[in-house]
1. Can you name every residue in the range 90-108 that is part of a strand (DSSP E or B) and either out of contact with any strand residue (DSSP E or B) (no Cβ under 8 Å at 6 or more places or on another chain) or surrounded by fewer than 22 Cβ atoms within 10 Å (Cβ to Cβ) (or both)?
2. Restricting the first residue to the range 45-60 and requiring it to be farther than 28 Å from residue 35 by Cβ, which pairs with a second residue that is basic (Lys, Arg) and assigned to a loop (DSSP other than H, G, I, E, B) meet a Cβ separation below 7 Å and a spacing of at least six or different chains?
3. Given the conditions (1) crowded, with 20+ Cβ neighbours inside 10 Å; (2) under 14 Å from the mean Cα position of the chain (by Cα), which single one is not true for residue 158?
4. For the range 41-71, name all the residues that are under 11 Å from the mean Cα position of the chain (by Cα), surrounded by 22 or more Cβ atoms within 10 Å (Cβ to Cβ) and in a helix (DSSP H, G or I).
5. Please tell me if residue 173 is in contact with a strand residue (DSSP E or B) (Cβ under 7 Å, 6 or more places away or on another chain), surrounded by fewer than 22 Cβ atoms within 10 Å (Cβ to Cβ), within 18 Å of residue 56 (Cα to Cα) and modelled with pLDDT of 95 or more.
6. Give the residue that is surrounded by the fewest Cβ atoms within 10 Å (Cβ to Cβ), with candidates limited to residues of the range 1-36 that are modelled with pLDDT under 90 and of a type in the set (D, E, K, R).
7. Identify the residue in the range 72-89 that is outside any helix (DSSP H, G or I) and free of Cβ contacts under 8 Å to residues at least 60 places away in the same chain and, among all such residues, is nearest to the chain's Cα centre (by Cα).
8. Could you please let me know if residue 132 is farther than 21 Å from residue 84 by Cβ, touching an Asp or Glu at 6+ places or on another chain (Cβ under 8 Å) and of a type outside the set (Val, Ile, Thr)?
Amino acid sequence: MTNSAPHTSSLVLAEDGLIDHLRQHAALSEAAHRTPEDWTYPSQFHLLLAVSRRFTPTPSPDDLVKMPDRFCYSNAARYALAHHDEGVVYAEGFALTHAGLDVYLPHAWIVRPDGTVLDPTWDDAPGRAYVGIPVADSRLWPLDSGGLLQDFDRTLPLLRNGFPRHALADLGRPLTTEGHP
């Protein structure tokens, strides 16, 4: 067994916890709300379960300048726009906070071409797990704050119609992994 196996195992367990969290909220939203039949997704949790990916957290580079707390959506969008030539994209979904806190938070971050996370908001350590949607189309990035799944005016069209064709990046790992539902 390699040194990375325990880390990989704990990462998958943390990601699975996030996915279970999304499933629970999807079930609650179905029980609480009626969605028009012609909508693509009944809730943002259904959307996340349909198109999200898993991303590997990595330590922040030494030269990363921390961006303001509580502005993760615009932080990630602005960073991705400034570094778009490096192949990074904006991603939004849920993250499990640092060790010891165990809180699932709506969050946004950057995804590198290798599927690893760069988090300009959480500078002290990356979250323990990230599950979300890698958005390749920079026209959708929320530069003015308010995330794609947290801002009603941005979320509603996505629930009705889904993401535009070619708007998502093929980065990260699928939600299902071999041996894990």
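1. At the first step, the residues of the range 90-108 found to be part of a strand (DSSP E or B) are 90-96, 104-108.
104, 105, 106, listed by residue number.
2. Taking only residues 6 or more apart or on different chains, the pairs are 57/128.
3. Of (1) crowded, with 20+ Cβ neighbours inside 10 Å; (2) under 14 Å from the mean Cα position of the chain (by Cα), only one is false for residue 158: (2).
4. 48
5. Values: in contact with a strand residue (DSSP E or B) (Cβ under 7 Å, 6 or more places away or on another chain): yes; surrounded by fewer than 22 Cβ atoms within 10 Å (Cβ to Cβ): yes; within 18 Å of residue 56 (Cα to Cα): yes; modelled with pLDDT of 95 or more: yes.
Yes; evaluated as a whole, the condition is true for this residue.
6. Of everything passing the filter in the range 1-36, 34 is surrounded by the fewest Cβ atoms within 10 Å (Cβ to Cβ).
7. Of the residues in the range 72-89, the ones outside any helix (DSSP H, G or I) are 83, 87-89.
Subsequent filtering for residues that are free of Cβ contacts under 8 Å to residues at least 60 places away in the same chain retains 83, 87-88.
On the way: 83: 18, 87: 17, 88: 14 Å.
Once the filter is applied, the top-ranked residue is 88.
8. Details: farther than 21 Å from residue 84 by Cβ: no; touching an Asp or Glu at 6+ places or on another chain (Cβ under 8 Å): yes; of a type outside the set (Val, Ile, Thr): yes.
The answer is no for residue 132.
The values are calculated or read from the model by the stated rules, or taken from the named source; none is laboratory data. None of these values were measured; they are calculated from a predicted model. Because the Cβ atoms are built from the backbone with ideal geometry, glycine has one as well, and the counts that use them run over all protein chains shown.
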